[in-house]
Amino acid sequence: MAQNAQNHDDVLELDTLKKFTIPKKERPARELLEPLSTRSREFQHEILPLIHGSYKDRDAEKRFQYKGAYLVHNSLLQNAYLERRKDMRQKGYGEKEVQDSYVFIMADSLLQAKRICAEGLKNGNSRISNLGNPDLAVCVCKHADIISPTPLQYGHLCKLVVFKLMKGKVKSMTECKEAGSQIDPTPNFDTHISKSTQFDISSVSHTEAFESSQVYLYEYGEFEVEDRPRQLYPYAVVDVRYIGHDAHVKQTAKVARLSGPTVRPSYPLNQRPPF
């Protein structure tokens, strides 16, 4: 009897162990912005090439310094991006229309960049657009070297926010430069771009280059335009310093030394010249 009781207890203990589930250890939540070394493989082989590949000016690499970087982790926006791709495919979009491309905007501070990466980019982010009503769409930059409507000044520091984008159906448009002539987003399309995107950067003003290289994107919902197009996802943030003016000054000084007599500066030699 004692042996039977022991066997019964062993069976009960075994059943209890079978029913017991070891709780899964929860992974700690990732930071919204994960610091990334500019020497890392991910920055050198993924982020930097797509930035350089977007440049309109072939000499732009000499004009920018990249001092730091962050990877963006936002599962909510990422899932929305993937859902949007699924929706597009179900509507018959081709693979070229749903593939990843990259666009950019300039943020003045890390706080502003964080807010953009947390909330996504929403309609009305820019007041400047020749491609449509800016209140009804998001405006981003095609080229990482043309991210401001006015030329950057020497030493300017900013955050370059890099986005993944699905362009969807693209409409090439003649730019509307007259006040009050801006059109609304075109139904059955997702993106407006300028017909003048193939401009020669040496033959237009900086403002004209900025306006002609913008990408105007939106998402039509069931009844109206959505506040935030899901086909845009923040991918990375890069610390940028503009050194173009300084590089130009050094090159000018070098040419002057080689081609003409030395001119004594009008400021003390131990002081930096005024710019």
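Where a number appears in this text, it was derived from the coordinates with a stated rule and is not lab data. Model, not experiment: these values are computed from the prediction. FYI the Cβ positions are ideal-geometry reconstructions off the backbone, even for glycines, and counts take in every protein chain you see.
Going by how many other beta carbons lie within 10 Å of each one, how would you line up Ser194, Ser101, fewest first? Don't skip to the end; give the middle numbers.
Numbers: Ser194 20, Ser101 14.
If I rank by nearby Cβ atoms, fewest first, I get Ser101, Ser194.
Distance from a point 7 Å along Cα→Cβ of Asn125 to each backbone N in the range 91-111: keep the residues under 20 Å and list them by number.
The answer is 98-111, whose backbone nitrogens lie closer than 20 Å to the label point.
Rg and Dmax of the range 33-248 over Cα atoms: what are they, in angstrom?
Calculated on Cα positions, Rg and Dmax stand at 16.9, 52 Å.
Please report how many Lys pairs in the range 91-245 have alpha carbons closer than 12 angstrom, counting only residues at least 8 apart along the chain or sitting on separate chains. Numbers along the way, then the final one.
Details: Lys91/Lys169; Lys96/Lys167; Lys96/Lys169; Lys114/Lys159; Lys142/Lys164; Lys142/Lys167; Lys171/Lys195.
The result is 7.
Work out from phi, with θ = phi - 60° and the Karplus expression 6.51 cos²θ - 1.76 cosθ + 1.60, the ³J(HN,Hα) of each residue of the range 68-73, listed in order in whole Hz, and give x for Gly and Pro.
x, 7, 9, 8, 9, 10
Hey, got a sec? Which trypsin sites (Lys or Arg not before Pro) in the range 111-144 land in a DSSP loop and have at most 11 other Cβ atoms within 10 Å?
Details: sites: Lys114, Arg115, Lys122, Arg127, Lys142; in loops: Lys122, Arg127, Lys142.
For trypsin sites (Lys or Arg not before Pro) across the range 111-144 that sit outside H, G, I, E and B with at most 11 neighbouring Cβ atoms in 10 Å, the list reads Arg127.
Based on the alpha-carbon gyration tensor of the range 63-181 and its eigenvalue square roots a ≥ b ≥ c, which shape applies: rounded if a/c is under 1.5, prolate if not and a/b is larger than b/c, or oblate? Let's see the in-between values first.
Values: a/c = 1.86, a/b = 1.18, b/c = 1.58.
Oblate, because a/c is 1.5 or more while a/b does not exceed b/c.
Can you tell me the length gained on complete extension of the stretch Ser172 to Glu34, counting 0.36 nm per residue apart and subtracting the Cα distance? Before the final figure, lay out each step's value.
On the way: separation 138, 0.36 × 138 = 49.68 nm, distance 3.66 nm.
The Ser172-Glu34 span can extend by a further 46.0 nm.
Amide H neighbours of Phe64 under 5 Å, at least 5 residues apart or on other chains, H built in the peptide plane: list them.
Correct list: Ile243.
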